[in-house]
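Read through the structure below, which is laid out as structure tokens, and then see the notes.
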Amino acid sequence: GGAEQRGGRADPARLEHFAEDARAAVKVMSDRKDVDRKGLAIVGHSEGGWIALMTAKDDRVSAVGLMSTVAVSGRELNLYQVTHGLERSTRPESERQATIDLQKKIQQAVVTGLGWDQINVPEGVRHQADTPYFQSFLTLDPAKLMKDVEQPLLIVQGEKDTQVPPANAEKLETLAKARKKAAPVKVVTIPGIKHLPDHANTGEVDEYGRLTDRHVSPAVMTELITWLRQTFQAVR
């Protein structure tokens, strides 16, 4: 998604716009007569977990699920992903550090809108990175979102996730338990699962194209469904 490497998405939408769409979907579902209004949950994957946290401000949402969700700022995750990719490369240390320094300059230019004339990057790189979406991604801090979330939380993490590593689940749990109105939080780490919630050997991005089974792991779905049933029974 927009968190990978140097760029964001090409569309003009920001994360906040996706949250507006999610809230609109919640309203539509809550207005339907064939839907149990007390049984509405929102589940987000990766930065989609941020959308879920934003949507949790709607009191029609009874539970929130976070799958492979980022617990640090977009800036921090973006630098981690770039650094992780460099660590797996054969490029010399001097080039690695230069790339990291360049990435920091790109981030600053995206956030402030200034300094592009001082950065030596192809026009295509700037076009990919200089978007409202990537700007909103870099500046978002999930710790601030979590403070306002009152619903029960499920945090699902793939043990072989190398894009959003397992330490993020631990931090999300800490943030969730620090809430003033701390509803129950459950953390599940699933062995053998990568960032996309299916089976992996290494969990690295370059492995994705070689994997034949690309279905969501049954283990992930079982954890989610079991938690939803238990949570909705508890809140009734």
(message) Scan the range 130-139 and tell me whether some residue there is part of a helix (DSSP H, G or I), in contact (Cβ under 8 Å) with a residue 24 or more places away in the chain and surrounded by fewer than 16 Cβ atoms within 10 Å (Cβ to Cβ).
(response) yes
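Within the range 185-236, count every residue that is among the β-branched types (Val, Ile, Thr) and in contact with a strand residue (DSSP E or B) (Cβ under 9 Å, 6 or more places away or on another chain). Reasoning before the result, please.
Taking the range 185-236 as the starting set, the residues that turn out to be among the β-branched types (Val, Ile, Thr) are 185, 187-190, 193, 202, 205, 212, 216, 220, 222, 225-226, 231, 235.
Filter once more, keeping what is in contact with a strand residue (DSSP E or B) (Cβ under 9 Å, 6 or more places away or on another chain): 185, 187-190, 193, 220, 231, 235.
The qualifying residues number 9.
Name the helices (runs of 4 or more DSSP H) wholly inside the range 6-114 in which the number of residues that are open to solvent by 60 Å² or more (accessible area, probe 1.4 Å) is 1 or more. Steps first, answer last, please.
On the way: elements: 15-31, 48-55, 74-87, 93-112.
Per the criteria, 15-31, 74-87, 93-112.
Quickly run through the range 115-129 and pick out the residues that are of a type in the set (A, V, I, L, M, F, W, C) and assigned to a helix (DSSP H, G or I). Outline the logic, then answer.
Quick first cut of the range 115-129, residues of a type in the set (A, V, I, L, M, F, W, C) only: 116, 119, 121, 125, 129.
Selection gives TRP116, VAL125, ALA129.
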(request) Name every residue in the range 201-228 that is surrounded by 13 or more Cβ atoms within 10 Å (Cβ to Cβ), of a type in the set (D, E, K, R) and assigned to a loop (DSSP other than H, G, I, E, B), in order of residue number. (result) GLU204
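Which residues, taken from the range 178-195, are without any contact (Cβ under 8 Å) to a residue 40 or more places away in the chain and assigned to a loop (DSSP other than H, G, I, E, B)? Reasoning before the result, please.
Of the range 178-195, the ones without any contact (Cβ under 8 Å) to a residue 40 or more places away in the chain are 178-183, 185, 187-194.
Of everything in the range 178-195, those that are without any contact (Cβ under 8 Å) to a residue 40 or more places away in the chain and assigned to a loop (DSSP other than H, G, I, E, B) turn out to be ALA178, ARG179, LYS180, LYS181, ALA182, ALA183, PRO191, GLY192, LYS194.
Can you tell which of LYS144, LYS160 is under 23 Å from VAL185 (Cα atoms), open to solvent by 50 Å² or more (accessible area, probe 1.4 Å) and in a helix (DSSP H, G or I)?
Working: LYS160 fails: in a helix (DSSP H, G or I).
Residue meeting the stated conditions: LYS144.
Going by the structure shown, is ALA176 more than 30 Å from GLY115 (Cβ to Cβ), crowded, with 21+ Cβ neighbours inside 10 Å, small (Gly, Ala, Ser) and under 16 Å from the mean Cα position of the chain (by Cα)?
Values: more than 30 Å from GLY115 (Cβ to Cβ): yes; crowded, with 21+ Cβ neighbours inside 10 Å: yes; small (Gly, Ala, Ser): yes; under 16 Å from the mean Cα position of the chain (by Cα): yes.
So ALA176 fits the description; yes.
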(request) Please find, among LYS104, LYS33, LYS38, the residue that is over 28 Å from ILE155 (Cβ atoms) and in contact (Cβ under 8 Å) with a residue 24 or more places away in the chain. (result) LYS104
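The values are calculated or read from the model by the stated rules, or taken from the named source; none is laboratory data. A quick note: this is a predicted structure, and the numbers were derived from the prediction, not measured. Don't worry about glycine lacking a Cβ; one is built from the backbone with ideal geometry, like all the others, and counts go over all protein chains shown. Side chains included, ligands, DNA and RNA excluded: accessible areas come from the protein's heavy atoms. Shrake-Rupley method; radii C 1.70, N 1.55, O 1.52, S 1.80 Å.
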